[in-house]
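Have a look at the structure below before the remarks.
None of the figures in this text is laboratory data; all of them are computed from the coordinates on show. Owing to the predicted nature of the structure, the values given are computational and were not obtained by experimental measurement. With ideal geometry, Cβ positions are generated from the backbone for all residues, glycine too; neighbour counts draw on all protein chains shown.
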2 protein chains.
Amino acid sequence: MIRIKDIAQRAGVSATTVSNVIHGNTRKVSQATIDKINRIIEETNYVPSMGARLLAGNGSRIIGVIVGTEERFREEKLQDPFTGSILGKIETELSRRGYYMMFHMSSGMEENCQLASAWNVEGLLTIGISAEDNLEIRRLSRAPVVSIDVYYGKRAIPNVGLDDFSGGYEMAKYLLKKGHRRILFLTPWDVGVDKARWEGVQKALREYGVERIEECRQLMPCAHEERMELHRRNLEKYRRYTALFFSSDYYAAEGIQFLHDEGIRVPEELSVVGFDNNSYATLIRPALTTVAQDVREKGWQAVDMLMKLIENGGEEGVKTQTKLPIRIVERESVRQL
Amino acid sequence: MIRIKDIAQRAGVSATTVSNVIHGNTRKVSQATIDKINRIIEETNYVPSMGARLLAGNGSRIIGVIVGTEERFREEKLQDPFTGSILGKIETELSRRGYYMMFHMSSGMEENCQLASAWNVEGLLTIGISAEDNLEIRRLSRAPVVSIDVYYGKRAIPNVGLDDFSGGYEMAKYLLKKGHRRILFLTPWDVGVDKARWEGVQKALREYGVERIEECRQLMPCAHEERMELHRRNLEKYRRYTALFFSSDYYAAEGIQFLHDEGIRVPEELSVVGFDNNSYATLIRPALTTVAQDVREKGWQAVDMLMKLIENGGEEGVKTQTKLPIRIVERESVRQL
DNA sequence: ATGAAAGCGCTAACAA
DNA sequence: TTGTTAGCGCTTTCAT
């Protein structure tokens, strides 16, 4: 491993000068020395020791990316196209800006803080972590934290989210305009994005004078088998609706296949819509009408916000709450009544 | 940030003693001191500075995980369930063993070596990197390297793979037994796993006396749109076959939908099979008959092999070539002729 | 325009 | 049983 000292020796100068050249403090270094040092750096493929940089008080250039998950879904979490997709974008952006990405799937809070402080990360990006845990992370971390898709109460940390409310609202309105009145919103969660989506749905239903709105939502289990079990039990109930609005495309695709297996034709007998517009939406038949979000943009925004917080050394003057827009993508899974 | 020195001060001992206790070199430390130090460590939430550890010549406890990808597919790469799934398993295993995972998607070789040497990673795991690049990485890296799903020529590095040949062979035989003779193997690649799968297919076809075997393979473009374009152009050709064997479930699912859109019924008019047994296989209708691989096992094996190489300090006595078994999963996408 | 030296937190060899 | 000390590679302050 080649060190600054080695370069200095070769160039016949001191380590300080080499360090200065590397950091561009070249005001008082002769051009000849600069060139010589740069040449040697090139030739020797010098790579600075991050350990030493870190110890000397420089930034680690590490961004910790934490994906929260329940322990039992830990190994499946990354299979979901949303997580995969946003991670891909985040890594790309981080790399482009010269940062390293330390990746961790968290089940507990200690590990996260452990990671953050052991490596002196310059920033933290969280995905799928609850509001409370995010607040806790931020409390314990010196580095700025940006969360993705979190809904906060009074106290909030920088966050990049989606206009989930409008997503629910617009899609429900779309269905209502198509003549649907018996709409069932299916979701595994009563919090966060799914809650916001449901609130949007409710607003649209109210506007159209739909009654007994509380009957328009069905909570589902997270585990595949239990969910299918629920569907089987609920088949007769589903028949009483004209449209099923799943809170994500995967659930919608799964739902369409379930209905298909039960001999119920989509959209002729029952319309189905989803949320996300990921690969499942285009793969399934009928192709899924869904609420589209730009996941790559979300990843980009999150990294960008984090970088601004790092550069700025604080939150003043930085926009710390972003809500990306949604749009309805019409395909073939909804019938005009 | 709390340091060893601080703990030492509180405990009224020297930093060395604290360090010794931390590392379990407690043969010559009194129980009282041990307890006191441990208590203080607990209380203060001490987290060692990895920078300092690193500099002091200790391991970084970082494993670099490098996912290779063409630049243009960079942001989609993680969407594919295989990559997501194996990364999830790898992270879980690494975490469990107390390692940190530095994640990088690589387009060039320098970056990889950069990452490895800057952070003094203790090991490297590569996914989707070519044989040549893997050899290069291993040449340039002091740390052990384990690749996943790579086929090497003479010179090889530790690798965890799949019995792709048998996968192709068994599936082709399955189709042949079902009476199919006009089988088309569709794949984007003529190298690596896809080549091995194709060789397996060829063997089975030969055993059944199928002629003009070279006409039984169709190379496809990687980009979705170009691939669909190819399918459209080739529709009449496909009709002349009785079974389409796609080299991955995603392509198979996409193919089934394409055929569906063209009014060709699967499996009544044309049988379709895939490879991987991922979420697409169960989601699609007809449910896909496919070659199953245990991705989590693959991830586990890769981490395990790497750990053995690290602990062992070399390759002697470590099994460095693993081929996981495949098995055929029969669903509904193949018709008995 | 360049260099010497101290210090970052930790480890390990050696001393006491 | 515990402590002293040198050193890991880099940065930065202060001299020269």
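Can you give me the angle between helix A:295-312 and the longest principal axis of chain A, using Cα atoms only, in degrees from 0 to 90, rounded to the nearest 10?
That helix lies at roughly 40 degrees to the long axis.
Distance from the Cα centre of segment A:10-43 to that of segment B:199-262, in angstrom?
59 Å
Label-point separation (nm) for B:R212 and B:I328, each offset 7 Å from Cα along Cα-to-Cβ?
Inter-label distance under the simple model: 2.5 nm.
Which of B:L205, B:G128, B:Y99 sits closest to the plus end of the dipole of segment B:95-228, meaning its Cα is farthest towards the positive end, when Lys and Arg get +1 and Asp and Glu get -1 on the C-beta?
Value: B:L205.
Enumerate by residue number the chymotrypsin sites (Phe, Trp or Tyr not before Pro) in segment B:94-192 meeting two conditions: DSSP loop (anything except H, G, I, E, B), and at most 13 other Cβ atoms within 10 Å of the site's Cβ.
Nothing satisfies the criteria.
Using the charge dipole of segment B:164-293 (Lys, Arg: +1 at Cβ; Asp, Glu: -1 at Cβ; taken about the Cα centre), state which of B:A253, B:W189, B:V291 has its Cα farthest towards the positive end.
Farthest towards the positive pole: B:V291.
If you place +1 on the Cβ of every Lys and Arg, -1 on the Cβ of every Asp and Glu, and leave all else neutral, what size is the dipole of segment A:79-220 about its Cα centre, to the nearest 20 Debye? Provide the component values of the computation, followed by the final result.
Working: 19 positive and 20 negative charges, 117 e Å.
It comes to approximately 560 debye.
Can you give the FRET efficiency to the nearest 0.05 for B:W189 and A:E229, using r as the Cβ-Cβ distance and R₀ = 56 Å? Provide the component values of the computation, followed by the final result.
Details: r = 40 Å, r/R0 = 0.71.
Once the sixth-power term is evaluated, E becomes 0.90.
Return the sequence-ordered ³J(HN,Hα) values of segment A:162-169 in whole Hz as given by the Karplus equation 6.51 cos²θ - 1.76 cosθ + 1.60 applied to θ = phi - 60°, using x for Gly and Pro.
Couplings: 10, 7, 4, 4, 4, x, x, 5 Hz.
Give the relative contact order (percent, whole number) for segment A:4-48; include only Cα pairs under 8 Å separated by 6+ residues. Provide the component values of the computation, followed by the final result.
On the way: 29 pairs, mean separation 17.6, N = 45.
Relative contact order, segment A:4-48: 39 percent.
Residues with amide H under 5 Å of B:V13's amide H, sequence separation 5 or more or different chain, H placed in the peptide plane at 1.01 Å from N; which?
none
At most 16 other Cβ atoms within 10 Å and a DSSP loop assignment: could you name the GluC sites (Glu not before Pro) in segment B:1-82 that fit? Write out the running numbers ahead of the final one.
Numbers: sites: B:E42, B:E43, B:E70, B:E71, B:E75, B:E76; in loops: B:E70, B:E75, B:E76.
For GluC sites (Glu not before Pro) across segment B:1-82 that sit outside H, G, I, E and B with at most 16 neighbouring Cβ atoms in 10 Å, the list reads B:E70.
Taking amide H positions as placed in the peptide plane 1.01 Å from N, state which residues far from A:E332 in sequence (5 or more) or on other chains have amide H under 5 Å from it.
Answer set, sorted by chain and number: A:A287, A:L288, A:T289.
Please say if segment B:164-293 is rounded, prolate or oblate, where rounded means a/c under 1.5 for a ≥ b ≥ c the square roots of the C-alpha gyration tensor eigenvalues, and otherwise the choice is prolate for a/b larger than b/c and oblate otherwise?
Working: a/c = 1.30, a/b = 1.25, b/c = 1.04.
Rounded is the answer for segment B:164-293, as its axis ratio a/c remains below 1.5.
How far is helix B:31-44 tilted off the main Cα axis of chain B, in degrees rounded to 10, range 0 to 90?
Once rounded, the angle reads 60 degrees.
With everything on Cα atoms, drop me the angle between helix B:131-140 and the longest principal axis of chain B, reported from 0 to 90° to the nearest 10.
Between the helix axis and the principal axis of chain B, the angle is about 10 degrees.
Compute the Cα gyration tensor for the protein assembly as shown, then decide on rounded, prolate or oblate, letting a ≥ b ≥ c be the square roots of its eigenvalues: rounded whenever a/c is under 1.5, prolate when a/b is larger than b/c in the other cases, and oblate in all that remain. Could the numbers behind the result be given before it?
Values: a/c = 2.02, a/b = 1.36, b/c = 1.48.
Oblate.
Per residue of B:96-102, count partner chain C-beta atoms within 10 Å of its C-beta, then hand back the mean as an integer. The partial results should precede the final answer.
Values: counts 0, 0, 0, 0, 9, 6, 6.
Partner Cβ neighbours, averaged per residue: 3.
Given the options B:P267, B:P48, B:P81, state which has the largest fluctuation in a GNM of chain B using a 10 Å cut-off (strictly under) for Cα springs.
Result for chain B, Cα springs under 10 Å: B:P48 fluctuates most.
As a check on your grasp of the helix formula, calculate [θ] at 222 nm for chain A: sum -39500 (n - 2.57) over DSSP H runs of n ≥ 4, divide by the residue count, round to the nearest 500.
Details: 13 runs with 154 residues, N = 337.
Mean residue ellipticity at 222 nm (helix-derived): -14000 deg cm²/dmol.
What do you get for Rg/Rh over segment A:4-48 if you use C-alpha atoms and the Kirkwood form of Rh? Don't jump to the answer; show the numbers that get you there.
On the way: Rg = 9.1 Å, Rh = 10.1 Å.
Radius of gyration relative to Kirkwood radius: 0.90.
Quick check: residue separation of B:L219 and B:L337 times 0.36 nm, minus the Cα distance between them. What number comes out in nm? Show your work: numbers first, answer last.
Values: separation 118, 0.36 × 118 = 42.48 nm, distance 2.59 nm.
The span from B:L219 to B:L337 would gain 39.9 nm if fully extended.
For segment A:95-134, what is the largest minus smallest coordinate of the Cα atoms on each principal axis, given in angstrom and ordered from greatest to least?
So the extents along the principal axes, rounded to whole Å, are 30, 20, 14.
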